[in-house]
1. Taking the alpha-carbon distance from Lys227 and a cut-off under 16 Å, which aspartates and glutamates remain once sequence neighbours fewer than 8 residues away in the same chain are dropped?
2. Counting Lys and Arg as +1 and Asp and Glu as -1, what is the net charge of the other residues whose Cβ lies under 15 Å from the Cβ of Arg49?
3. Counting Lys +1, Arg +1, Asp -1, Glu -1, what net charge surrounds Glu221 among other residues with beta carbon under 14 Å of its beta carbon?
4. Between Ser233, Ser42, Ser219, where does the largest GNM mean-square fluctuation fall for the chain, given springs only between Cα atoms within less than 10 Å?
5. In straight Cα distance, which aspartates and glutamates are under 16 Å from Lys278, not counting same-chain residues fewer than 8 positions off?
6. Please work out whether region 5-215 counts as rounded, prolate or oblate from its C-alpha gyration tensor, where a ≥ b ≥ c are the square roots of the eigenvalues and a/c under 1.5 means rounded, while otherwise a/b larger than b/c means prolate and anything else oblate?
7. DSSP loop (so not H, G, I, E, B), at most 14 other Cβ within 10 Å: list which GluC sites (Glu not before Pro) in region 1-106 pass both filters.
8. Looking only at Cβ-Cβ distances, which cysteines of the chain have no other cysteine closer than 4.7 Å?
Amino acid sequence: MTPFLSIVIPTLNRRPTLERALPTLARQTYPSDSCEILLCDSGSTDGTRALVREMGLPNLRLIRGENRGRSGARNRGIREARGDIVLFTDADILADERLLEEHARLYRSTSRATATESGVCAVGCEVQVDSLEEYEVVRGHPEMGRHLHRKPTKETSWLFFLTGNASVPRNALFAAGLFDESFTGYGHEDLELGYRLRKIGLRIRYLPSAVNYHWHPVSLEDRCGRKELSGASTVRFYRKHRDPRIKLLLGVNPVSMLFHRLISRDGNLLRICRTRAKTSAVCREILLQHHYLTGVRSAMEGRS
């Protein structure tokens with residue numbers, strides 16, 4: 001039977017989280033013979049291949065290839081997919097048991113023949129959890145958790161197109177040009193694809209009933225580093241399309257850049273924020289935004 005959904009997961013040395021994530025995709029209310037799981041491996045050396053053999057899931061395929069970043073891994077999955085609809089998730093995401101059913105429902109509202117011509121794609125509800133203990137508390141009760149999206153409306157913009165929980169008709173992905181593999185650093189390869197999907201006429205639906213749990217404990221130091229890389233990706237995104245709305249929606253404007261210069265020049269505020277970041281949400285946000293705008297400024301000045 002040809003699957004309707006193809007779940008694409010990029011991975012590189014993520015066996016410990018895959019051991020938890022893959023079983024949640026095997027325990028879905030959606031029929032297993034109507035979906036396939038494509039684990040797109042960029043050269044793992046941690047036993048990922050052995051894990052796939054041990055799990056023995058009939059609809060799980062390991063797609064191996066060279067390390068071309070997350071964009072390259074996802075593109076391999078798209079090309080190998082047999083389903084009409086591609087659902088993107090990640091190696092550290094634990095799926096609610098109705099995740100696939102809720103995504104499929106959006107496209108099944110029409111016949112299969114016209115599902116890929118529906119003119120829509122979708123993002124689901126992503127709940128952040130720092131530990132498996134937190135996951136067990138909020139599992140099945142997403143309203144209790146910390147949501148990645150800030151309550152977008154039923155139809156939303158490319159700004160919310162994050163591929164930890166997003167589905168797209170496969171033919172639309174080819175029409176848009178797939179992921180841009182020049183986004184090799186951290187961040188925005190998914191937003192940039194969402195931008196192009198909107199440009200070719202797709203509407204982005206928000207599906208609060210399609211839930212997954214992002215098990216993603218990250219230290220403050222790592223978050224700061226990722227923010228700088230994300231800032232550089234913002235500049236790449238803008239320079240590719242030259243749309244002023246990109247900078248505006250991603251927080252790059254004269255006021256934010258002036259704020260960055262002032263706190264960088266003074267030093268005292270940053271020192272206070274670093275000291276208090278673990279206990280103060282305000283200090284933590286100031287510190288993260290400083291690193292994000294540092295990445296923006298470095299990229300604009302050609303230093304990254």
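1. Cα-Cα hits under 16 Å: Glu189, Asp190, Glu285.
2. Its environment carries a net charge of +1.
3. For residues surrounding Glu221, the net value is +4.
4. Maximum among the listed residues: Ser219.
5. Within the straight-line limit of under 16 Å, Lys278 reaches these aspartates and glutamates: Asp130, Glu221, Asp222.
6. rounded
7. The qualifying sites are Glu66.
8. When partners are defined as cysteine Cβ atoms under 4.7 Å apart, the chain leaves Cys35, Cys40, Cys121, Cys125, Cys224 without one.
All of the numbers you see were taken from the coordinates with simple rules; none came from a lab. Given the structure is predicted, the values throughout are model-derived calculations rather than measurements. Glycine gets a Cβ as well: all are built from the backbone with ideal geometry, and neighbour counts include every protein chain shown.
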